[in-house]
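Contents: one structure, followed by commentary.
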Amino acid sequence: MKLTIQTPSHSQLYPTWALRYDPVEITKHIKPKTSLKSLALSSSLNTSFNFSHEYQEEEKLKPTNLNDKNPKNFNLPVVIRHSGTVSRCFWDGKELKLVSVDGSNAFSLWDFSLDYEDGMRKLGRVCGAAVRNFFLPREVGGNYLEYVKWKFLHRVFSSALQVLATQAMFRAIGIGYSRSLPSAAALNWVLKDGLGRLSRCIYTASLASSFDTNLKRVRFATSVLFSLSIGVELLTPVFPKYFLLLATIANIAKQISLACYLATGSAVHRSFAIADNLGEVSAKAQIQTVCFDNVGLLLAATFNILFRNNQRLLAALPFVVYPIFSAIDLFGIYQGLKHVHLQTLTKDRLELIINIWIQQGCIPSPAEVSKREDINFLWSKGRELLPIRIGCLIPKRKIPKLSLMTLKSLKDDDFYFICMESSNSGSGIRDHGILLCLREGARTSDVITGLLQACYIRNGLLLDKSSWDKALEACDDSGSLLREWFTLMEESKKSATIDLGLFIDKMSGLGWVCRNILLSSQEQARYNFVAD
């Protein structure tokens, strides 16, 4: 049996037992092996190594015959992995040593001169391990590398655009010219920053719950806003008289985007921290951001050097590269969010899981849901037939008679009720929606059961769409329609109650966090039951 130990790195270990006991007695219960079995490659980004590597001290590490009375040296079945290196314990007859088995510590200039190709491979492994340990956390999800790749694309071009925008603003206020007014420029700069921070506070306070329930949508929407703010800053040299107005508008948009970025960053990092190493993931994210931004700064500086002799081209450069860089920036953000697999449940995410459960009979994983999630703007939702809404009754919306009968039949042991409501001025089924009202004290299981039942009801209505469409358009409130509605309600509730246990178990097995459902402020509205 081989044992892997992680300890602080030392070149040599001097255990007390190695000095007091005979090596022959120690090895009676140890069966040394001539080769090491490769560690299994984890699905995460754990550092892994191949122990089949040929290293210089292979002959020295060959175990001697244990029947010898005084063995001089032999291997111990203990491998120590630390800081990107792998070493094996070796007894040289006098003391315990650590000998590298992955080739990283065995690399030298002499080896490089003797075998150029092998030296290049060793150098590549050393550099690759150093870069990996510097940029990437030890244990993260398998989708983390894809996310970092798209983050690199986003940060580089976004940073380059910010540099060009800052230069444009300096040009607008006259910095570098003899007619510049430093005091007026400083006053304008402080004023625009103050208004931007105030707008950031107002935005954060008014949209706090959306950072959890609509994380990807809000983050992408604010990224578009940030890109537009850079375009506004680029216009300041064209309209220098309106510098304060344009700069203030741009800074407000930037502060709003920054507020969203900071508020959602912890949730994004937590989705990758599979070993509860949130601090490490956040720290590595800061390192990546600084390095990627510096690459963008270098890109912008390169453009300035190339066009330094032509001021006209240098002034027109931002307007030429802005649409290209902005498109690449937003594309990188969009693709990066696709690789953020959130395990928390929201109303939209849970509804998507239930629809797949009803149609295909299986529960999708967080990665599959991430691919199907729409990262669109908040105002583009609700275009499907019979959209489901969680909240309270709105008096302005028309409530059909069958929904009124549902309210009338409520009981004390009901923790939610489901009814239909008119979403538009029409009366057909495409102009109606399904409302799920939660009672005060409803638990997470009640929310899941209610949404399951609402999806079953929608599925039943769409299966018999023509007849229900005619009945709703004709405002038919006959007894037969009411009986069909209550029959559909009872059957859907029975199916939801039966499927609840299996549904939650399968979701938990795939990594979904089922102990809580994140709801927006409108979705958190509750009703109380009042007995006559």
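Each reported figure results from applying straightforward, stated rules to the coordinates on display, with no laboratory input. Quantities reported herein were computed from a predicted structural model and do not represent experimental measurements. Quick reminder, even Gly has a Cβ in these numbers, built from the backbone with ideal geometry, and neighbours come from all protein chains shown.
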The rounded separation in angstrom of the Cα centers of the range 320-380 and the range 408-473 is 26
Cα-only Rg/Rh for the range 345-527 with Kirkwood Rh rounds to 0.95
Env charge @ Glu421, Cβ radius under 9 Å, K,R +1 / D,E -1, value +3
Per the charge dipole of the range 345-527 (beta-carbon charges, Lys/Arg positive, Asp/Glu negative, Cα centre), the residue among Ile457, Pro395, Leu352 reaching farthest to the positive end is Pro395
Projected onto the charge dipole of the range 345-527 (unit charges on the beta-carbon of Lys, Arg, Asp and Glu, signs +1, +1, -1, -1), the Cα from Pro364, Ser466, Gly433 with the largest positive-side position is that of Gly433
Spelling it out for Tyr416: with amide H atoms placed in the peptide plane at 1.01 Å from N, the residues 5 or more places away or on another chain with amide H under 5 Å from its amide H are Arg439
Applying the gyration tensor rule to the Cα atoms of the range 251-291 (axes a ≥ b ≥ c; rounded if a/c under 1.5, else prolate if a/b exceeds b/c, else oblate), the class is oblate
With 0.36 nm assigned to each residue of separation and the Cα-Cα distance removed, Lys465 to Ser409 gains 17.6 nm
In the neighbourhood of Ile353 defined by beta carbon distances under 14 Å, the net charge of the other residues (Lys, Arg +1; Asp, Glu -1) is -1
